[in-house]
Every structure is written in C-alpha cells, then in structure tokens.
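Coordinate-derived values only; no laboratory data. All of these numbers come straight from a predicted model, not from anything done at the bench. For neighbour counting, all protein chains shown are included, and Cβ atoms are generated from backbone atoms with ideal geometry for every residue, glycine included.
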Amino acid sequence: MKNPWLISTVVLAAALVALGTWVLVGDHADAAQPVAQPYPTPLAEYPLELARTDTICLASEDVLRMLAARRTAMNRGDEQAAAAFYAEDGSLWIIDSAEPIVARGRAAIATRLKVDLDEAHMKLRLAGHAIRFGDYVAEPTFVGYENADGQIRDEALYLLVFNIDPATGEISGEWVF
C-alpha cells in the first residue's frame, strides 16, 4: 500500500461526506449518471483534470464521468472494459474480510472482476458524492448481487478509494472498504 495513513484519512473523510450527503440530499445520486459510452478506449474519451491540492473537495466532473463509465461497464458484466480504466501495473485491494484480496496488474484485475461480475452477478450503485484529496478519490457505493429474476440482494455500503495517476488518468490503485 502506498500510504496507509493517507488512505485512512481519505476513508474517514469520505465516510463523513457520504453521511452528510445522505442526510442532506437523499437517494438521488443515480439520476444523473451518464449514458454508457463505447469501449475499448475509455480513458481517451474521459480525460481527467486532477488539481494538485492538499484540500478535500468534491471530485471533478471528469473524474465522476470516468468512475460512472467504469461502474456502467461493471454493471454490464464487462470485466475487460472495467479493467481498462486501471493502469497496466495497477492494483485492486478488497479489504472487507479478515484476509484481503489483492489483484496486481490489469489482467489480474480483470480476472478478479470476472469472478464478481460473472459468477456472483455483482451490481454497483452510487451512494453519494465522490470526494478528492490530491490524487485520491473516495466514492461511497452500494454493492449488491443480482438474482436470476433481476432483483438485487445483499446490498451493502462500501467505500471505494481510488489513486488516480494525474499524468495518465488511469487508476493506479483501488481499495475497497
């Protein structure tokens, strides 16, 4: 992990912002999601503008569009399109159990996503506003699993923390809490 204290600070701040957003706004976040865009070159279509700052603020529209396109690819069950948002040497850390699951490299990330998307029929739903702290973006997300009849079951709130490379706009690391 790059900097566990920074990640912990971002997670705590994101949780507070998500709670405040939920209290003030309610559950209106899914209404403004953009329409799915063509693949396989998502990063070229969503250039990111990441301001270098040490203050916590809402993520930019560019970052929100990129994360929404990634979420759309995942909800379609397209692990290759979702993995295309990660750097070739990116990493995915799933820290929701006693033993973290780690996938390193775009191919390993696609393989891990395939398990969640194909076998478990995982679906993501935005739970609040994403916040940014430097190159880190935290996004509260509901994660559930789709039954054969299309109903979502076992939906739970997770916090996804992304480290986005400002030079390439790719996700160099993701931590799922």
- Item | Nearest-0.05 FRET efficiency for ALA156 and GLU88, computed from C-beta distance (R0 41 Å) | 0.85
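Could you calculate the FRET efficiency of SER60 with GLU146 from 1/(1 + (r/R0)^6), where r is the beta carbon distance between them and R0 is 41 Å, rounded to 0.05?
0.85
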- Using a basic spin-label model with each label point 7 Å from the Cα along Cα→Cβ, how many nm lie between ALA108 and ASP165? 1.6
